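K.L.:
Sending over a structure as structure tokens; questions will come in a sec.
The values are calculated or read from the model by the stated rules, or taken from the named source; none is laboratory data. Keep in mind it's a predicted model, so treat the numbers as computed, not measured. Reconstructed Cβ throughout: ideal geometry from the backbone, glycine too, with neighbour counts over all protein chains shown. What goes into the accessible areas is simple: the full protein's heavy atoms, side chains included, and nothing from ligands, DNA or RNA. Shrake-Rupley method; radii C 1.70, N 1.55, O 1.52, S 1.80 Å.
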Amino acid sequence: VGLFREVGLYGQERDTATLKVLGSSAQEIRFSLTDKMDDKRFNFPLTVKVRLPTAWQAVSARQGKKTTAVSVVEHEGKRYALVQATPDQGEVLLRSKKQ
């Protein structure tokens, strides 16, 4: 829930966003998120849904040099990470972590 202006900015940012998977292994998934908007005005985090490998029980996330919000949800027996990533703010790194 946000102000009308924020919702409008978020929608434009989301509609022009491009996600590119940079690599994945048994322990990590890397991706970049970019958009076509002016980063001074359009800097809202977008929620990216990432299917996790079966062995991953928990996950941590970083974007650039900062820790970013991530939660794990399960849907129809599969585990997903919901990552808050801001376009044009650096590579996002998801890492498997032990609980």
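K.L.:
Being open to solvent by 40 Å² or more (accessible area, probe 1.4 Å), in contact (Cβ under 8 Å) with a residue 40 or more places away in the chain and not hydrophobic (A, V, I, L, M, F, W, C) is the filter here; which residues of the stretch 1-57 pass it?
P.N.:
Listed by number, the residues that qualify are Gln27, Glu28, Arg30, Thr34, Asp39, Asn43, Pro45, Pro53, Gln57.
K.L.:
While we're on this one: Would you say Asp88 is out of contact with any strand residue (DSSP E or B) (no Cβ under 8 Å at 6 or more places or on another chain) and either free of Cβ contacts under 8 Å to residues at least 24 places away in the same chain or part of a loop (DSSP other than H, G, I, E, B) (or both)?
P.N.:
Against the criterion (out of contact with any strand residue (DSSP E or B) (no Cβ under 8 Å at 6 or more places or on another chain) and either free of Cβ contacts under 8 Å to residues at least 24 places away in the same chain or part of a loop (DSSP other than H, G, I, E, B) (or both)), Asp88 does not qualify.
K.L.:
If you scan the stretch 58-99, which residues turn out to be surrounded by 15 or more Cβ atoms within 10 Å (Cβ to Cβ) and touching a Pro at 6+ places or on another chain (Cβ under 8 Å)?
P.N.:
Thr68, Gln84, Ala85, Thr86, Ser96
K.L.:
Please work out which one of (1) under 24 Å from Gly8 (Cβ atoms); (2) in a strand (DSSP E or B) is the condition Tyr80 fails and give its number.
P.N.:
Condition (1) is where Tyr80 drops out.
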